[in-house]
Amino acid sequence: MEIKLAQTFIAVDDHDKALTFYRDVLGLEVRNDVGFEGMRWVTVGSPAQPDVEIVLEPPLADPNAPAADRQAMAELLAKGLLRGVIFSTDDVDATFERIRAAGGEVLQEPIDQPYGVRDCAFRDPAGNMLRFNQPRKG
């Protein structure tokens, strides 16, 4: 029996801003863009991983949720307290410079971590934390 990751979800409050960031800044490809019951789901992924997708979804994907729940999720998203994703890269320093030059909100500049990676961190336009790492050399 084989189990593999297929999709992970990131809440976004503006799909167009998210697309600009994930497609144009990070270089991910758009695989799907679907509207359903007044909401929108967009899937993006790395061309190097055709079987793994990130689903950019509304903060509360339930059109029948109470307004208070929708408001609470929007507030958590705005504070950057929802999901995060860790990407791997073969050059964390070049990745950092590319994202910073494109206006990415820096949370952490590249640093060697004691657990064997060099990494950096940004926030996406919705406030989600995204980390980028590579195995530490030597």
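Evaluation of Pro135 against the conditions (1) surrounded by 13 or more Cβ atoms within 10 Å (Cβ to Cβ); (2) touching a strand residue (DSSP E or B) at 6+ places or on another chain (Cβ under 7 Å); (3) at pLDDT 90 or above shows that the sole unmet condition is (1). Can you pull out the residues in segment 112-132 that are exposed (fewer than 14 other Cβ atoms within 10 Å of the Cβ) and either acidic (Asp, Glu) or in contact with a strand residue (DSSP E or B) (Cβ under 7 Å, 6 or more places away or on another chain) (or both)? Once the filter is applied, which keeps residues that are exposed (fewer than 14 other Cβ atoms within 10 Å of the Cβ) and either acidic (Asp, Glu) or in contact with a strand residue (DSSP E or B) (Cβ under 7 Å, 6 or more places away or on another chain) (or both), segment 112-132 yields Asp112, Gln113, Gly116.
Is it the case that segment 84-105 has a residue that's out of contact with any Cys (no Cβ under 6 Å at 6 or more places or on another chain), surrounded by 18 or more Cβ atoms within 10 Å (Cβ to Cβ) and among the charged types (D, E, K, R)? Checked against the condition, which is being out of contact with any Cys (no Cβ under 6 Å at 6 or more places or on another chain), surrounded by 18 or more Cβ atoms within 10 Å (Cβ to Cβ) and among the charged types (D, E, K, R), segment 84-105 yields no hits at all. As a summary of the residue check, Lys79 satisfies the conditions (1) modelled with pLDDT under 85; (2) farther than 19 Å from Arg131 by Cβ; (3) surrounded by fewer than 13 Cβ atoms within 10 Å (Cβ to Cβ) except for the one numbered (2).
Residues to consider are Phe96, Phe36; find the one that is under 17 Å from Pro125 (Cα atoms) and aromatic (Phe, Trp, Tyr). When all the criteria are applied, what remains is Phe96.
Rundown of residues vs (1) surrounded by fewer than 10 Cβ atoms within 10 Å (Cβ to Cβ); (2) of a type in the set (S, T, N, Q); (3) more than 16 Å from the chain's Cα centre (by Cα), yes/no style:
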{"site": "Glu2", "(1), (2), (3)": "yes, no, yes"}
{"site": "Leu5", "(1), (2), (3)": "yes, no, no"}
{"site": "Phe9", "(1), (2), (3)": "no, no, no"}
{"site": "His15", "(1), (2), (3)": "no, no, no"}
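Give the residues of segment 26-71 that are among the hydrophobic types (A, V, I, L, M, F, W, C) and in contact with a helix residue (DSSP H, G or I) (Cβ under 6 Å, 6 or more places away or on another chain), sorted by residue number. Passing the criteria: Leu28, Val30, Val42, Val44, Leu56, Leu60. Among the strands (runs of 3 or more DSSP E) confined to segment 1-68, the ones with at least 1 residues that are in contact (Cβ under 8 Å) with a residue 12 or more places away in the chain and closer than 21 Å to Leu81 by Cα are located at 7-11, 39-45, 53-57. Taking every residue in segment 79-100 that is β-branched (Val, Ile, Thr) and pairing it with any residue that is assigned to a loop (DSSP other than H, G, I, E, B) and surrounded by 13 or more Cβ atoms within 10 Å (Cβ to Cβ), at least 6 positions away or on another chain, the pairs with Cβ-Cβ distances below 9 Å are Val85/Asp124; Val85/Asn128; Thr95/Leu26; Thr95/Thr89; Ile99/Leu26.
The values are calculated or read from the model by the stated rules, or taken from the named source; none is laboratory data. Since the model is a prediction, treat every value here as computed from it, not as a measurement. With ideal geometry, Cβ positions are generated from the backbone for all residues, glycine too; neighbour counts draw on all protein chains shown.
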